[in-house]
Amino acid sequence: MTDGGTFSAAVRFTPTQLGQYNGNYLTKIRFFPYAEGSFVMKVWTGDNAGNLVLSQPVTTISIVDWNEVSLNTPVLVSGTTELWFGYTVTHTSGIFPACVDVGPAVAGFGDMISLDGFPGNQWPQPMR
């Protein structure tokens, strides 16, 4: 992935995890970019993030810092379908803009990545 290109990274929540938030709205997403890139915040719903419901370019980022993006269109949390949110990033070679921590990763939830540009085809792939 350090050869440059585009990939998506996200976290996944199941209906069971979201039940208590039924009727609320996702209004902000925070992310921690490790390097420069062109970031687009995204929200997906359904199994394997099959339905893209929000795509919002990020105009200003701070590298190696928490960035909070207010969503132009809040996303309803239904509690009846999976909710995925994260970003798609395009970057140049020699850098890796996705920040990772020492873990442990929560497999299948906090470590999701797609390499083909359409999450429904590639999820889940642990980010390592």
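Rule-based calculations on the coordinates, nothing more; no lab input. Please read all numbers here as calculations on a predicted model, not as lab measurements. In this analysis, Cβ positions are derived from the backbone assuming ideal geometry, glycine residues included, and neighbour counts consider all displayed protein chains.
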Practice task
Counting helices only, and only those DSSP H runs with n ≥ 4, report the 222 nm mean residue ellipticity of the chain as the sum of -39,500 (n - 2.57) divided by its residues, in deg cm²/dmol to the nearest 500.
Solution key: -1000 deg cm²/dmol
Fill in the blank from the handout: In whole angstrom, the spacing between the Cα centers of segment 1-69 and segment 78-106 equals 7
Exercise for the section: Please give the length that would be gained between THR16 and PHE96 if that part of the chain were fully extended, namely 0.36 nm times their separation in residues minus their C-alpha to C-alpha distance (nm, one decimal). Expected result: 25.5 nm
Completion exercise
Of 39-45, 72-78, ordering from highest average Cβ density within 10 Å down gives 39-45, 72-78
Problem - Net charge contributed by nearby residues that have their C-beta within less than 15 Å of LEU26 (K/R +1, D/E -1) - result: +2
